[in-house]
Amino acid sequence: MPEMISEVDEDDNFLGLREREEFYSGNHIHRASQLILLNPENKMLIQKRAPGKKWYPNRYTYSVSGTVRDESYEVCLEREMLEEIAISVPFRELFKISCIFENGGAFHTVFSGRCSEETASLIRPDPEEAVNVEWIELNELHRAVKTEPEKFTPSLRTGIMKIFEEGYLKYIF
């Protein structure tokens, strides 16, 4: 059975469900949930997307990055945490960013969460999603996004730039 994804308009209003494959054309807008996961040292977990991913293979992105099905952004994030990194942590919404290009792309709602050292030790990335995960200092990530933007997904670049433009301390959970 094909996976059904929420389609939205340019104002993020729900239009209906479409098969995931239809979004690869770039002619439809969907929703996505992203997680900025911090450890006790305020390092952020990022994942390098698997080479088989249709959207931005081999690029770094948030620790959790999921496409919204027939559900809310929050329910999507809860589901994707367990699927992609095998843990669940409390989280809060930070902001929504638009990565719309012509008639395609996505609205990304970015959340933040924090894990303990014990929870961090339980992280098990799904190899179909990520080839590796790593913890990185926020300032180091900001520098890398500015100097090597091609290594990162557009949503991660946009989110990290927003955080630093507005003062990242207000976003630390």
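Please enumerate the residues belonging to segment 8-30 that are free of Cβ contacts under 8 Å to residues at least 40 places away in the same chain and farther than 10 Å from Gly105 by Cα.
Kept after step one, since they are free of Cβ contacts under 8 Å to residues at least 40 places away in the same chain, are these residues of segment 8-30: 9, 11, 13-16, 18-19, 21-22, 24.
Listed by number, the residues that qualify are Asp9, Asp11, Asn13, Phe14, Leu15, Gly16, Arg18, Glu19, Glu21, Glu22.
Taking into account only those residues within segment 159-173 that are under 16 Å from Ile46 (Cα atoms) and surrounded by fewer than 19 Cβ atoms within 10 Å (Cβ to Cβ), which is modelled with the highest pLDDT?
Residues of segment 159-173 that are under 16 Å from Ile46 (Cα atoms), as a first pass: 159-161, 163, 172.
Those still in the list that are surrounded by fewer than 19 Cβ atoms within 10 Å (Cβ to Cβ) too: 161, 172.
Details: Met161: 95, Ile172: 71.
It comes out as Met161.
Working only within segment 46-68, note down all residues that are under 18 Å from Arg114 (Cα atoms), in a strand (DSSP E or B) and among the polar types (S, T, N, Q).
Gln47, Thr61, Ser65 - these are the residues of segment 46-68 that are under 18 Å from Arg114 (Cα atoms), in a strand (DSSP E or B) and among the polar types (S, T, N, Q).
Among the residues of segment 73-105, write down those that are at pLDDT below 95 and of a type in the set (S, T, N, Q).
Ser98, Asn103, listed by residue number.
Tally time: how many residues in segment 23-40 are touching a strand residue (DSSP E or B) at 6+ places or on another chain (Cβ under 8 Å) and not in a strand (DSSP E or B)? Give the derivation first.
Step one: of segment 23-40, the residues touching a strand residue (DSSP E or B) at 6+ places or on another chain (Cβ under 8 Å) are 23, 25-40.
Still in the list and also not in a strand (DSSP E or B): 23, 25-28, 39-40.
Final tally of qualifying residues: 7.
Residue by residue through segment 93-139, note down the ones that are touching a strand residue (DSSP E or B) at 6+ places or on another chain (Cβ under 9 Å) and acidic (Asp, Glu).
Looking only at segment 93-139, we keep the residues that are touching a strand residue (DSSP E or B) at 6+ places or on another chain (Cβ under 9 Å), and these are 93-100, 103-115, 120, 123, 125, 129-138.
Correct list: Glu93, Glu129, Glu134, Glu137.
Can you give me the number of residues within segment 131-152 that are modelled with pLDDT under 95 and crowded, with 18+ Cβ neighbours inside 10 Å?
1
Please enumerate the residues belonging to segment 69-97 that are assigned to a strand (DSSP E or B), in contact (Cβ under 8 Å) with a residue 40 or more places away in the chain and surrounded by fewer than 18 Cβ atoms within 10 Å (Cβ to Cβ). Show your work before the answer.
Keep residues of segment 69-97 that are assigned to a strand (DSSP E or B), which gives 91-97.
Next, only the ones that are in contact (Cβ under 8 Å) with a residue 40 or more places away in the chain stay: 91-92, 94-97.
Residues satisfying the conditions are Arg92, Phe95, Lys96.
Can you go through Lys48, Lys53, Lys43 and tell me which one is of a type outside the set (A, V, I, L, M, F, W, C) and modelled with pLDDT under 95? So that I can check it myself, show each step before the final result.
Details: Lys48 fails: modelled with pLDDT under 95; Lys43 fails: modelled with pLDDT under 95.
Answer to the check: Lys53.
Do you know which of the residues in segment 99-121 that are surrounded by 12 or more Cβ atoms within 10 Å (Cβ to Cβ) and without any contact (Cβ under 8 Å) to a residue 60 or more places away in the chain is nearest to the chain's Cα centre (by Cα)?
Restricting to residues being surrounded by 12 or more Cβ atoms within 10 Å (Cβ to Cβ) and without any contact (Cβ under 8 Å) to a residue 60 or more places away in the chain, the top hit is Cys99.
The values are calculated or read from the model by the stated rules, or taken from the named source; none is laboratory data. Since the model is a prediction, treat every value here as computed from it, not as a measurement. Reconstructed Cβ throughout: ideal geometry from the backbone, glycine too, with neighbour counts over all protein chains shown.
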